[in-house]
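Worksheet: one structure, shown below.
The values are calculated or read from the model by the stated rules, or taken from the named source; none is laboratory data. Nothing here was measured: the structure is a model prediction, and the numbers come from that model. All Cβ positions, even for glycine, are placed from backbone atoms using ideal geometry, and neighbour counts span all protein chains on display. Side chains are part of the model used for accessible areas, which takes the heavy atoms of the whole protein and leaves out ligands, DNA and RNA. Shrake-Rupley method; radii C 1.70, N 1.55, O 1.52, S 1.80 Å.
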Amino acid sequence: MSNAAQPRTGALPLVVLEGISRVYGSGDAAVTALAGIDLTVASGEFVALMGPSGSGKSTCMNVIGCLDTPTAGRYTLAGLEVTALDADARALLRRYVIGFVFQGFHLLPRLTALENVELPLLYQGVKAAERRARAQAALAQVGLSGREGHRPSELSGGQQQRVAIARAIVTRPQLLLADEPTGNLDSARSHEIMQLLAALNATLGVTIVMVTHEPEMAEYAGRIVHFRDGRIEREERGGLCG
Amino acid sequence: MWMIAWREAVRALSRNPLRSFLTVLGVVIGVAAVIALVTLGRGATAAVQQQIAAMGSNVLFISPSRGFGPGSATVPFSVEDARFLEREAATIAIAAPAAATNRTVIAGNQSTTTQIVGIGEGYLAARQWPVIEGREPTPGELRSGAAVCLFGQTVATALFGDRSPIGERVRLDKLTCTVIGVLAAKGQSAFGSDQDDVVMVPLRLYHRRIAGNTQVRFIIAAVAPGYTSREAIAEVQQLLRERRRVAPNESDNFRITDSREIERTFTATTRMLTALLSAVAAISLVVGGIGIMNIMLVSVTERTREIGIRLAIGARAVDVMTQFLVEAVVLSLAGGAIGIVLALGASYLAAQALGFPFLVDLGVIALAVLFSAAVGVVFGFLPARRAARLDPIVALRQE
Ligand SMILES: Nc1ncnc2c1ncn2[C@@H]1O[C@H](COP(=O)(O)OP(=O)(O)OP(=O)(O)O)[C@@H](O)[C@H]1O
Ligand SMILES: [Mg+2]
């Protein structure tokens, strides 16, 4: 384990990646997206991942989000060894423990904003009335009140991104993974969203791992992890919480 | 979860109503065929049973030809043959000779073509066919061949409308006779002909003035109380073979039909038709199921990204499987429902047109619903499993 990737003192480790690598394809066409990642994220931490395009940030997020299975290495989430779990168990972790803001939003085009946000609650078996109320509250939190009935195609890129954020936070996940959550937002909106994430982290103790290209946004995190060519290059303390 | 799956399925399918409709057409046709068939079959059976009851139970029809058509070298019956049977056969209470042909009846300026039946003594009693207005011909009138006639309901209405025909003089060809009675309504025969479209005259008058010969075309025999029609048939067969000198190695040169046999023939025919069309319906259900499977496979491919997103936010394979299975079942159930409505509508109209009672068989409808749901499950399984087995990462990357 790299010394730089140790958690802050005292807190319990929530995410523990040990020697994680991910190789796509095989033979000559093999692409190494992750080449041995050691990373520990403590419960309640706010970590930013930075690095050039193609350095493996999204791949790493997919592994942490229990979506992708690493080619090698061991991943432990809240004490559970994810790499040893079956698909259904990983689905349940995604359902109850993790909220994911995808780089490409991944909204269902035929559902309205409200229905998109309700969807994870639906899989949690939350009753209709509560589902609706919580989805509306989440949309309000990202500044989208009044847009509940719009479909993704009727929303701007930034608005779609905020629907995706609302969908990720509506379940009040223990672990929030956000892949460039402000990539399509103007500076003012970006700061609003970052303040929201920081507040969730500070008041509810939601653990956040966020990918960003903007140093300004990374400042909100307590720790910044720099990726390069599928490896962790270096780490630094964030500006605001550090 | 289930309720939501149903709602979502309905929504997903109503987004593309034409495609959904075309997809389920096979199921629609299959279900409609079965239900229409069973409904009409029940109506027809009920109608036949009514008619058989109307025809008189325990009545034998004895004709001198072997089949229904004109047999080769038919030896005709005579009035004597009927008397002989009534006298000699213990199992027969009444044996009445009769003959029939088609003629035009004219009353004033109205005319209609109908069946003229020459009836011997006991004919109406044997057929248990009452006269509801006027009177029956007296034995004297029957013996002497008086110029009197009985009208069936259809003829009475055609020629006289609401007026009573009793006492009116009508013309049958060149013969003029007086209407003395109107027969009770009998309805359709088992073969669909109108039994009330008839004029009856004394057989003797018929022989002399209409047929120009003395042939008896058939004998109506009422089985005596205490005997079964089976026993009566055996005895009549025995007596007629002797009387008509049929050699032991020859087959009968006459034919005995009882009302039950007509029913049996009819039931056998219906059963065969039902089996045949059920096979057609089964094939069309299978074809319909394949149609559903095909569209569901297309749908899974089209919606790979959607499946990826659902998996990414916490759906398990079984949830995705459920979603697509429910969609297939909703499709086929909708097809079944359309089929049921179409079939009931069509068989109602057909029953009206054919004069059958309209009898809905709830059991068959329940079965159709069950079957269409089963088609959805069976043919939705493969596409649903394909959807459930998708890898979330791969599915999400799909365009
Ligand atoms: N499914 C895949 N098949 C093949 N190669 C892949 C696949 N997913 C990712 N890669 C490759 O893995 C490497 C890392 O990709 P990744 O998406 O993790 O980068 P990233 O750091 O998120 O980049 P960006 O900042 O542009 O989002 C890239 O070279 C990419 O081409
Ligand atoms: Mg990325």
query = What do you reckon, is B:Ile116 surrounded by fewer than 22 Cβ atoms within 10 Å (Cβ to Cβ) and touching a residue at least 40 places away in the same chain (Cβ under 8 Å)?
reply = no
message = On the basis of being of a type in the set (D, E, K, R) and either under 30 Å from B:Phe356 (Cβ atoms) or surrounded by 15 or more Cβ atoms within 10 Å (Cβ to Cβ) (or both), does B:Arg241 make the cut?
response = yes
message = Considering only residues that are within 22 Å of B:Val155 (Cα to Cα) and touching a Ser or Thr at 6+ places or on another chain (Cβ under 8 Å), which ones fall in the range B:207-228?
response = B:His207, B:Ile210, B:Ala211
request  = With the checklist (1) within 16 Å of ligand 1 (Cβ to nearest atom); (2) under 14 Å from the mean Cα position of the chain (by Cα); (3) polar (S, T, N, Q) in hand, flag the one item A:Thr171 doesn't pass.
outcome  = (1)
query = When you scan the range A:79-88, how many residues do you find that are more than 9 Å from chain B (Cβ to nearest Cβ) and surrounded by 14 or more Cβ atoms within 10 Å (Cβ to Cβ)?
reply = 4
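Rundown of residues vs (1) in a helix (DSSP H, G or I); (2) among the acidic types (Asp, Glu); (3) in contact (Cβ under 8 Å) with a residue 60 or more places away in the chain, yes/no style:
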| position | (1), (2), (3) |
| --- | --- |
| B:Pro248 | no, no, no |
| B:Ala268 | yes, no, no |
| B:Val287 | yes, no, yes |
| B:Ile307 | yes, no, yes |
query = For the range A:170-182, which residues satisfy the criterion of being more than 11 Å from chain B (Cβ to nearest Cβ) and out of contact with any strand residue (DSSP E or B) (no Cβ under 6 Å at 6 or more places or on another chain)?
reply = A:Arg172, A:Gln174, A:Thr182
query = So which strands (runs of 3 or more DSSP E) stay within the range B:112-180 end to end and still have 3 or more residues that are under 13 Å from B:Val199 (Cα atoms)?
reply = B:148-151, B:169-172
key: Members of the range B:119-141 that are touching a residue at least 60 places away in the same chain (Cβ under 8 Å), more than 33 Å from the chain's Cα centre (by Cα) and either surrounded by fewer than 22 Cβ atoms within 10 Å (Cβ to Cβ) or not assigned by TED's automatic domain parsing to the domain that holds B:Ile210 (or both)   = B:Glu141
query = Where in the range A:171-242 are there strands (runs of 3 or more DSSP E), lying wholly inside it, with at least 3 residues that are of a type in the set (A, V, I, L, M, F, W, C)?
reply = A:175-179, A:207-211, A:223-228
task = Working only within the range A:110-123, note down all residues that are within 21 Å of the chain's Cα centre (by Cα) and open to solvent by 40 Å² or more (accessible area, probe 1.4 Å).
result = A:Glu115
key: Number of the exception - A:Glu148 against (1) of a type in the set (Asp, Glu); (2) modelled with pLDDT of 90 or more; (3) not in a loop (DSSP other than H, G, I, E, B)   = (3)
request  = Could you please let me know if B:Ile313 is free of Cβ contacts under 8 Å to residues at least 60 places away in the same chain and surrounded by 15 or more Cβ atoms within 10 Å (Cβ to Cβ)?
outcome  = yes
query = For the range A:89-111, does any single residue satisfy the condition of being under 21 Å from B:Gln323 (Cβ atoms) and more than 10 Å from chain B (Cβ to nearest Cβ)?
reply = no
key: Residues located in the range A:124-134, provided they are in a loop (DSSP other than H, G, I, E, B) and either within 20 Å of the chain's Cα centre (by Cα) or more than 10 Å from chain B (Cβ to nearest Cβ) (or both)   = A:Val126, A:Lys127
task = Note down all Cβ pairs under 6 Å where the first residue falls in the range A:165-185 and is over 23 Å from A:Ala133 (Cα atoms) and polar (S, T, N, Q), the second is open to solvent by 10 Å² or more (accessible area, probe 1.4 Å) and within 16 Å of ligand 1 (Cβ to nearest atom), and they're at least six residues apart or on different chains.
result = A:Asn184/A:Gly157
key: Single residue of B:Asp361, B:Asp391 found to be modelled with pLDDT of 90 or more, surrounded by fewer than 20 Cβ atoms within 10 Å (Cβ to Cβ) and out of contact with any Cys (no Cβ under 8 Å at 6 or more places or on another chain)   = B:Asp391
query = Given the conditions (1) within 16 Å of ligand 2 (Cβ to nearest atom); (2) within 14 Å of another protein chain (Cβ to nearest Cβ); (3) open to solvent by 20 Å² or more (accessible area, probe 1.4 Å); (4) modelled with pLDDT under 95, which single one is not true for A:Arg22?
reply = (4)
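Here is a yes/no grid of residues against (1) under 21 Å from A:Leu114 (Cα atoms); (2) within 16 Å of ligand 1 (Cβ to nearest atom); (3) crowded, with 22+ Cβ neighbours inside 10 Å:
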residue: A:Ser156; (1), (2), (3): yes, no, no
residue: A:Ile165; (1), (2), (3): yes, no, yes
residue: A:Leu175; (1), (2), (3): no, no, yes
residue: A:Met217; (1), (2), (3): no, yes, yes
residue: A:Ala221; (1), (2), (3): no, no, yes
residue: A:Glu235; (1), (2), (3): no, no, no
message = Here is a list: B:Glu8, B:Glu86. Which entry is open to solvent by 30 Å² or more (accessible area, probe 1.4 Å) and modelled with pLDDT of 85 or more?
response = B:Glu86
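Each row is one residue, and each column tells you yes or no for (1) free of Cβ contacts under 8 Å to residues at least 40 places away in the same chain; (2) assigned to a strand (DSSP E or B); (3) more than 15 Å from ligand 1 (Cβ to nearest atom).
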residue	(1), (2), (3)
A:Ala11	yes, no, yes
A:Ile20	no, yes, no
A:Ala35	no, yes, no
A:Gly44	no, no, yes
A:Ser55	no, no, no
A:Val63	no, no, no
A:Thr69	yes, no, no
A:Tyr75	no, yes, yes
